[in-house]
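Input: a single structure, listed below in structure tokens.
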Amino acid sequence: MQGHWKQKKSYSETASGANRIESAHSLTMTEQQEMNYCTQCGAKVVLRIPEGDSHLRHVCPQCGEIHYLNPKLVIGCVAEWEGCLLLCRRAIEPGYGLWTLPAGFMENGESTAQAALRETSEEACASVSIEQLFALVSIPHINQVHLFYRAQLQNAEFGAGEESLETSLFDESQIPWDRLAFRSVVFCLKSYFKDRHSGAFGFHESTLSPP
Ligand SMILES: [Zn+2]
């Protein structure tokens, strides 16, 4: 909700199976970090390396403001109910019509666990109890880090939030692998089932390269 996943060119790391989305939404770092005008004074910014810095920054020639652009956190959870996992079918781009775990951009002023709870509530109208942090996926080429918690649904009540067409519980054999929206979600779900079969959940980290 609140437009986070509606941000143009946000959350764009699509699953490898979803080619029509992949080509439309795979972005370069340059595109992702575009900034034209100073948010302090409105002047046109220029790209240069400030003194004592090592990175190109958007610098305002009028007021001197240096605009630091840093990665965004996308946080969600793998919520289980009686052995099944809760997935949402996206009502927004990127990945319209494809399935994903409930997740979204972390807000200022909240913890990572609070972000997971909020996103699950907003997108799947579901209440969960957060268990452990399960997966961390770095996606440097789009300047995002995705975090997923393991969680338990508190009851069988869930529904489609504003950014979902529908929500549903899937057992392992029903997971729509060829209709998942994001590669980080594919990684998370594969790791989840692997651990569940082994009888112990661990912590999983991955870095995605451009597709
Ligand atoms: Zn300025």
If I model a spin label at Lys194 and Tyr68 as a point 7 Å from the Cα along the Cα→Cβ vector, what separation in nanometres do I get? 3.5 nm
In whole angstrom, note down how far apart the Cα centers of the stretch 115-136 and the stretch 160-211 are. 14 Å
For Glu34 paired with Ser173, estimate the spin-label separation in nm (one decimal), with each label point 7 Å from Cα along the Cα-to-Cβ line. 4.8 nm
Note to self: Kirkwood Rh of the stretch 72-207, Cα pairs, one decimal, Å, is 14.6 Å
Output the relative contact order of the stretch 72-207, whole-number percent, from Cα pairs under 8 angstrom with separation of 6+ residues. 31 percent
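All of the numbers you see were taken from the coordinates with simple rules; none came from a lab. Source: prediction; values computed, not measured. Using ideal geometry, Cβ is built from the backbone for each residue, glycine included, and neighbour counts are taken over all protein chains shown.
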